[in-house]
Amino acid sequence: MLDAVGTAIACGELSPGSVLRLEELQQSFGASRTVAREVVRALEAMRLTTSKRRVGITVRDCADWNHYDPRLIRWQLDGEQRPVALRNLMELRWAVEPSAARFAALRASPEERGRLRALGARLEATAHARDLTAFLGHDIAFHHVVLAASRNPMFGQLSEVIAQVLTGRTEHGLMPPEPQPEAVALHLEVAHAIDGADADRAERAMRDIMVQARDEVAEQFQ
């Protein structure tokens, strides 16, 4: 129920100003009043709706939404506005991840440096095996470690956002059938740069990853 209503809002089927009724939600989904209320609370927590007595549940303007909520990102990537959602997410990644890689090179612990080296090797192995599921898991973990190692908690909290972007690209066929050797090489470059505390090199390599990801997505929507 939450996915259905959330997707309808995220994809514009329910436009800002639309009013929902708790009773209508119960009837439409055959849900109990308790379940319907839980769904409404979740939507309000994401700032997608607001509720008022004698008015109902009103869809808020998209400027008010919590655009960092992973569920909202997933719903947007599932809908017709996927190209716009991907563009916005790629711009966010472009703004944050190269800087995160720079700071990780300066601040990462020995354990994190070793984990990035290991993840780089796993990315290389799963890319050659064309195992996109395993590759995705290692890719998510790689970017999570970089963000965490930046020691900026605001960067770190973007991990789930990045995970949804990477997952969405894979699930919607927006990744090559075999990860590009250049992309794998750039991840290895980031890992080696962070391991060697080379901030300029780490930032440059991560920016190159963003460029390649942007170009791969753009090719799918030409």
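Rounded to the nearest 20 Debye, what is the dipole magnitude of the chain about its Cα centre when Lys and Arg each give +1 and Asp and Glu each give -1 at the C-beta?
Details: 27 positive and 31 negative charges, 187 e Å.
In total the dipole reaches around 900 debye.
Using a ≥ b ≥ c from the Cα gyration tensor of region 57-161 (square roots of the eigenvalues), is it rounded, prolate or oblate, where a/c under 1.5 gives rounded and otherwise the larger of a/b and b/c decides, a/b for prolate?
Details: a/c = 2.74, a/b = 1.51, b/c = 1.81.
It is oblate, given that a/c is not under 1.5 and a/b is not larger than b/c.
With both labels modelled 7 Å from their Cα along Cα-to-Cβ, the Glu171 to Ser51 distance reads 2.6 nm.
Helix 33-45 and the longest principal axis of the C-alpha atoms of the chain enclose an angle of approximately 50°.
Assuming a ≥ b ≥ c are the square roots of the Cα gyration tensor eigenvalues, decide whether region 48-96 counts as rounded (a/c under 1.5), prolate (otherwise, with a/b larger than b/c) or oblate.
Details: a/c = 3.24, a/b = 2.26, b/c = 1.44.
The shape class here is prolate.
Picking from Ala127, Val39, Ile73, whose Cα lies most toward the positive end of the charge dipole for the chain (charges on Cβ: Lys, Arg +1; Asp, Glu -1)? Comparing the listed Cα positions along the dipole, Val39 ranks first. The modelled label-to-label distance for the pair Glu24/Thr58, using points 7 Å beyond Cα in the direction of Cβ, is 1.5 nm. Considering only alpha-carbon pairs that sit under 8 angstrom and 6 or more positions apart, the relative contact order computed for the chain is 21 percent.
Working note: 222 nm ellipticity from helices only, DSSP H runs with n ≥ 4, each -39,500 (n - 2.57), summed and divided by the residues of the chain, gives -22500 deg cm²/dmol to the nearest 500. Between Tyr68 and His128, residue separation times 0.36 nm minus the direct Cα-Cα distance comes to 18.3 nm.
A short reminder: the numbers here are calculations on the coordinates, not readings from a lab. Source: prediction; values computed, not measured. Positions of Cβ are generated from backbone atoms using ideal geometry, with glycine treated the same way; all protein chains shown enter the neighbour counts.
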